Every structure is written in C-alpha cells, then in structure tokens.
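One structure below.
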Amino acid sequence: MAGQARAPGVEVTSADLGGVRCVVCTPAGARGRLVHFHGGGYRLGSAGAWAPFGTRLAAACGLEVRLPDYALAPEHPFPAALHDALAVVEASADGDPLFLSGDSAGGGLALSAAILARRAGARIAGVALFSPWLDLTATSDAYRACADSDQLFSRAAATEAAATYLQGVATDDPLASPLFADLSDAPPTLVMVSAAEVLLQDSLSLARRCAELGRAVQLHVVPGQPHVWPVLRPEAPQSARALEAMAAFFSHCDPETADA
C-alpha cells in the first residue's frame with residue numbers, strides 16, 4: 001500500500017500491457033512472471049498504491065510482478081475489470097508458465113481470469129489468493145459469525161460493492177463469483193484466509209470444491225489476522241510467512257501441468 005516501504009533490490013517501472021497500464025516490479029534474476037490483482041471491492045485501489053506489496057511479492061517469489069490498473073466501478077462495471085485482467089494475462093503469457101495472484105476482490109478476479117485463460121490455452125501454472133472475495137451473493141454464515149472480529153469488511157460493505165460493480169448482473173454469475181464457476185480445469189491453487197474474517201467461508205468452500213474435483217489446492221487458515229493481512233501488515237511475522245508459503249507453493253507447481 002502507499003506509504004509502505006518497498007523491498008530493496010526490486011526495480012519498479014510502468015508498462016502498457018494489452019492496453020492496460022501496469023506497474024512492474026522486477027527483482028534481480030527473475031525466473032518468471034506473476035500478475036497480481038489488487039483488492040478494493042472492484043471500485044477502489046490502484047497499481048501504484050499496491051507497488052510496495054508488489055515489490056515484496058517479487059522479492060519473496062523471485063518473479064517479475066505485474067500489477068494491472070484494471071477498470072473500476074461505477075464508471076466501468078462488470079465485466080470491464082475481467083476484460084482488462086484477461087488482456088494483461090494474454091500480454092504476459094509468452095509461452096512460459098505464468099502465475100496469477102490477487103487479494104480480496106482481486107483474488108476473485110485472479111481466479112476468474114485463470115479459469116478463462118486456461119480454457120483459451122494459456123499456461124497458467126498456479127494461482128495464489130489472499131482473503132479472496134469469491135461469492136458476491138454475500139450470503140455465507142461467516143458474515144454473521146465473524147462480524148465482530150472483522151473490522152475491515154462486512155455484509156453491508158460487500159452488498160454495496162457488489163451492486164456498484166455488477167449494476168444489475170446476477171450476483172451468482174460465475175464470471176463475477178468464481179465460487180460458482182466450473183473449476184474442473186482450475187490450476188493449482190493456494191488460498192490464504194484469516195479465521196477471523198467474514199470471507200472465511202468463501203475460501204473454505206473453494207478449497208472443498210477444488211478437492212472434490214481432484215484439483216490441486218492448499219488452504220492456509222491463519223488465526224487472529226485482519227482481512228488481507230499480508231498486504232496491510234508487512235511488519236507482521238504472519239505476513240512474511242504467508243509470502244514464504246506462496247513462494248514455496250509456486251516453486252513446486254509443475255510447469256508440465258500448466259497446459260489447459
């Protein structure tokens with residue numbers, strides 16, 4: 001986020017990828033590419049504000065990290081963000097396996113983009129999701145159970161953000177709420193969520209669906225942390241461990257299974 005320190009040794013530049021402005025964070029000896037989609041309920045956030053987090057991702061994973069400034073609501077409702085996401089993914093997929101990640105709403109966007117890109121033949125080798133917002137119906141019991149412990153997100157906030165983004169499209173549309181999508185060819189997926197946040201059930205349900213379909217999935221449930229803690233709390237040891245887990249997960253993704 002803006003105001004946070006950037007990881008040393010990571011170059012930060014900008015680029016136009018598929019017609020979408022992106023911030024690019026490049027560590028020395030980058031061994032691949034990662035496209036990360038910022039959170040903000042599809043109506044807030046920017047690549048520039050997430051640049052410090054992007055440098056930490058790049059340093060931890062040894063990957064060039066691309067942060068798209070995808071179109072935001074209400075001026076650009078669904079599916080504008082998804083169109084931009086796919087444009088950046090297409091521009092970043094040059095034949096080598098590509099990794100995707102996202103936090104909060106960006107996690108849902110990353111998963112939707114990964115599913116569609118793989119169907120189109122892109123080699124998406126793995127996806128990592130931090131506190132992903134995957135179900136825009138906002139009907140899970142976690143909104144009630146974690147209402148007191150989650151100070152950053154709520155059912156009311158989710159309902160308002162979904163209405164601003166969807167503007168009449170059904171909240172269970174599988175391209176907007178990838179929890180309802182066909183996950184039968186989903187790439188290896190890492191999901192990290194706090195046990196104290198209202199989006200807990202989104203992550204639990206995704207992990208269960210992937211497992212039932214025989215898709216590779218890892219689920220990390222961390223107690224006592226806020227929503228998207230790796231983004232908001234860079235100084236916390238739990239955040240460092242989350243990025244270490246992400247780097248380890250990506251390092252074990254088999255490039256040979258990246259083909260759709």
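All of the numbers you see were taken from the coordinates with simple rules; none came from a lab. Note that this is a predicted model, so its numbers are computed, not measured. FYI the Cβ positions are ideal-geometry reconstructions off the backbone, even for glycines, and counts take in every protein chain you see.
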If we keep just the residues of the range 163-186 that are out of contact with any Leu (no Cβ under 8 Å at 6 or more places or on another chain) and at negative phi, which is surrounded by the most Cβ atoms within 10 Å (Cβ to Cβ)?
PHE180
Only one of TYR143, TYR165 is of a type in the set (Ser, Thr, Tyr) and either within 17 Å of LEU44 (Cβ to Cβ) or in contact with a strand residue (DSSP E or B) (Cβ under 8 Å, 6 or more places away or on another chain) (or both); which?
TYR165
Looking only at the range 153-162, filter to residues that are out of contact with any helix residue (DSSP H, G or I) (no Cβ under 8 Å at 6 or more places or on another chain) and crowded, with 16+ Cβ neighbours inside 10 Å; which one of those is nearest to TRP229 (Cα to Cα)?
PHE153
Mind checking which residues of the range 217-230 are touching a residue at least 40 places away in the same chain (Cβ under 8 Å) and either among the aliphatic types (A, V, I, L, M) or closer than 20 Å to ARG144 by Cβ (or both)?
PRO226, HIS227, VAL228
Here's a check for you: in the range 1-25, which residue that is among the β-branched types (Val, Ile, Thr) and buried (at least 19 other Cβ atoms within 10 Å of the Cβ) is farthest from the chain's Cα centre (by Cα)?
VAL10
What pairs come out if I take residues in the range 176-189 that are hydroxyl-bearing (Ser, Thr, Tyr) and pair them with residues that are part of a loop (DSSP other than H, G, I, E, B) and surrounded by 20 or more Cβ atoms within 10 Å (Cβ to Cβ) whose C-beta lies under 8 Å away, six or more apart or interchain?
SER177/LEU134; SER177/ASP135; SER177/LEU136
Would you point out the residue of the range 138-160, among those that are in a helix (DSSP H, G or I) and small (Gly, Ala, Ser), that is farthest from LEU82 (Cα to Cα)?
ALA145
For the structure I just gave you, tell me whether LEU166 is under 17 Å from the mean Cα position of the chain (by Cα) and touching a residue at least 12 places away in the same chain (Cβ under 8 Å).
no
Among the residues of the range 58-68, is any surrounded by fewer than 19 Cβ atoms within 10 Å (Cβ to Cβ) and free of Cβ contacts under 8 Å to residues at least 40 places away in the same chain?
no
Read through the list (1) surrounded by fewer than 21 Cβ atoms within 10 Å (Cβ to Cβ); (2) within 15 Å of the chain's Cα centre (by Cα), then give the number of the only condition that ASP94 fails.
(2)
Can you name the residue in the range 124-139 that is under 16 Å from ALA113 (Cβ atoms), more than 10 Å from the chain's Cα centre (by Cα) and of a type in the set (Gly, Ala, Ser) and, of all such residues, is surrounded by the most Cβ atoms within 10 Å (Cβ to Cβ)?
GLY126
